[in-house]
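First the structure, in the form of structure tokens, and then the observations on it.
The values are calculated or read from the model by the stated rules, or taken from the named source; none is laboratory data. What you see is a predicted model, and the numbers here were worked out from it, not measured in a lab. Glycine gets a Cβ as well: all are built from the backbone with ideal geometry, and neighbour counts include every protein chain shown.
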Amino acid sequence: MDALLEMISSRGQQLLGRLDGPLHFRLVVMPTVVTLLAIRAGVLDARGGRPAFLWALFFHPPGRAALVRSAVKDIGRVFVVACVLDSVYQLAFLRVFYPGLVLVVAVACAIVPYVVIRGPANRLARLLTGRRARRGDETGTRDSEERGGHG
């Protein structure tokens, strides 16, 4: 049990060390880029009359796959870059490689900001433009926006 607590403590210290160590800029730049992508996606969702991201993800099963594809398209590269940069950080400065920590940092930098921001961006855009989400939209995609429809 002591070994497990020591391992958790060590990994926690390594995570906290990323906040001010070398390459720390990535912990600001990547979430900022993902936030901008999430705002853009939320505005497009609002223009297309689609519901908020998490709401659609959990309560519109037919459109879930298309919604996940659009999210992966938006954040996939940023997630890969986050993985690569954290791997470089670990190998260059810690001289070890922990794949679990790479995933924790990549998820925190790329996925969490996107999921947290896209829905509120949609709601804010709808509030500002006066549009309502369509109740019959089952797709969760941006098709109507891409075809020039106004939903």
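Within the set of pairs 6 or more residues apart or between chains, which connect a residue that is over 19 Å from F79 (Cα atoms) inside the stretch 35-62 to a residue that is buried (at least 17 other Cβ atoms within 10 Å of the Cβ) and among the acidic types (D, E) with Cβ atoms less than 7 Å apart?
L44/E145; R47/E145; G48/E145; G49/D137; R50/D137
For the stretch 52-71, enumerate the residues that are buried (at least 17 other Cβ atoms within 10 Å of the Cβ) and either assigned to a loop (DSSP other than H, G, I, E, B) or not small (G, A, S) (or both).
Within the stretch 52-71, A52, F53, L57, H60, L67 meet the criteria.
Please find, among V96, V88, V72, V105, the residue that is in contact with a Phe, Trp or Tyr (Cβ under 9 Å, 6 or more places away or on another chain), at pLDDT below 90 and among the hydrophobic types (A, V, I, L, M, F, W, C).
Within the list V96, V88, V72, V105, the selection yields V105.
Are there any pairs, at least 6 apart or on different chains, whose C-beta atoms fall under 6 Å, with the first in the stretch 110-124 and touching a residue at least 12 places away in the same chain (Cβ under 8 Å) and buried (at least 17 other Cβ atoms within 10 Å of the Cβ) and the second part of a helix (DSSP H, G or I) and of a type in the set (S, T, Y), and if so, which?
If the second residue must be part of a helix (DSSP H, G or I) and of a type in the set (S, T, Y), the pairs left are P113/T35; I117/T35.
Output yes when any residue across the stretch 125-145 is at pLDDT below 85 and hydrophobic (A, V, I, L, M, F, W, C), and no when none is.
Among the residues of the stretch 125-145, at least one is at pLDDT below 85 and hydrophobic (A, V, I, L, M, F, W, C), which makes the answer yes.
Residues in the stretch 24-31: is at least one in a helix (DSSP H, G or I), free of Cβ contacts under 8 Å to residues at least 60 places away in the same chain and not acidic (D, E)?
yes
Return yes or no: is G49 surrounded by 15 or more Cβ atoms within 10 Å (Cβ to Cβ), modelled with pLDDT under 90 and not in a helix (DSSP H, G or I)? Give the steps one after another, and end with the answer.
Details: surrounded by 15 or more Cβ atoms within 10 Å (Cβ to Cβ): yes; modelled with pLDDT under 90: yes; not in a helix (DSSP H, G or I): yes.
So G49 passes the test.
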